[in-house]
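Notes follow the structure.
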Amino acid sequence: MSLLEMKNISKVYQMGKEELYALKDVSLEVAEGEFVAIIGPSGSGKSTLMNLIGCLDVPTAGSYKLDGKDVSDLSGDQQAAIRNEKIGFIFQGFNLLPKLTALENVELPLLYRNIPADQRRRHALEALEKVGLADRSGHKPAELSGGQQQRVAIARALAGSPPILLADEPIGNLDSKSGREVTDLMHRLHQQGHTIILITHNQDQANEAQRKIAIYDGNILSDEKVIQR
Ligand SMILES: Nc1ncnc2c1ncn2[C@@H]1O[C@H](COP(=O)(O)OP(=O)(O)O)[C@@H](O)[C@H]1O
Ligand SMILES: [Mg+2]
């Protein structure tokens, strides 16, 4: 089954009198359990595509079905509810709240869903265990290394069990060793059945995915299975 189904999606920005096509007639399907990398140079439309996939923005034209539901034309509130339920976000800058502990950060998506406190705690601890950081649950982000902070952010993405993990340059701010650990963690999660969409400009990282989609100038240039060596 397709988890994500985009048909003839365009995103146009109006720049004075000029129309700028950030995405042009893009069609894309992602099935449950896939690990897809979306790669392209700066300005190619990656963030625009990520914002559409993650229901942070709506397309100018085209249709988008996420987990069977048409999300092409939602209000802001509806988008927020769908995002919380369907997408686990992983950002380049981690986006953890500095005053909260690792555990409290991981609990946040569950808090927004009004899940009772004891269940929240239990799910958040399970997610921290999955990323190997249960022993750091009481630490604030500043007391953790960059790699550990990103793993906490991955635990937060996992906590609500969303069908899709959407990562935007997740190792862009990390040294190579921490980056390797985060990439390995994402591969482990994929092996456990998670669907992962990874946005990157790093060819090596893209080549480790199952499927690689190259975008350039708002178009999909190629969409291919990656042969693992
Ligand atoms: N809010 C916006 N208003 C106007 N133009 C935008 C906006 N966001 C992105 N663009 C333009 O759309 C194109 C794609 O941008 P973006 O999706 O950010 O690319 P990438 O993430 O691959 O660097 C670029 O030409 C960019 O300048
Ligand atoms: Mg970008």
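Read the figures in this text as sums done on the coordinates, not as results from a lab. Small disclaimer: the values here were computed from a predicted structure and weren't measured. Quick reminder, even Gly has a Cβ in these numbers, built from the backbone with ideal geometry, and neighbours come from all protein chains shown.
At a glance:
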| read-out | value |
| --- | --- |
| Longest to shortest principal axis, alpha-carbon extents of the range 176-216, angstrom | 30, 25, 12 |
| Rounded to 10°, Cα long-axis angle of helix 102-111 versus longest principal axis of the chain | 60 |
| Whole-number D in µm² s⁻¹ for the range 1-122, Kirkwood Cα-pair radius fed into Stokes-Einstein, 37 °C, 0.692 mPa s | 201 |
| When each of 46/86; 69/212; 46/130; 65/212 is checked by Cα-Cα distance, pairs over 23 Å | 69/212; 46/130 |
| Per-pair calculated FRET efficiency, R0 = 35 Å: residue 204 and residue 140 via Cβ, rounded to 0.05 | 0.60 |
| Length released on extending from residue 113 to residue 10, taking residue separation times 0.36 nm less the Cα-Cα span | 33.9 nm |
| Calculated [θ] (222 nm, deg cm²/dmol) that DSSP helices of n ≥ 4 give over the chain, each run adding -39,500 (n - 2.57) | -10000 deg cm²/dmol |
| The range 68-156: trypsin sites (Lys or Arg not before Pro) falling in loop per DSSP and having at most 11 other Cβ within 10 Å | 99 |
| Net dipole in debye of the chain [+1 Lys, Arg Cβ; -1 Asp, Glu Cβ; about Cα centre; nearest 20] | 380 |
| Distribution of pairwise C-alpha distances over the chain, 5 Å bins, in % | 1, 7, 14, 18, 19, 16, 12, 8, 3, 1, 0, 0 |
| For the range 31-43, 3J(HN,Hα) per residue [Karplus equation, 6.51 cos²θ - 1.76 cosθ + 1.60, θ = phi - 60°, Hz, x = Gly/Pro] | 8, 4, x, 6, 10, 10, 9, 10, 10, x, x, 4, x |
| Kirkwood Rh in Å, taken over the range 116-224 so that all alpha-carbon pairs contribute | 15.1 |
| GNM flexibility winner over the chain from 205, 14, 148 (Cα, springs under 10 Å) | 14 |
| Mean-position separation - Cα centroids, the range 162-224 and the range 91-111, in angstrom | 21 |
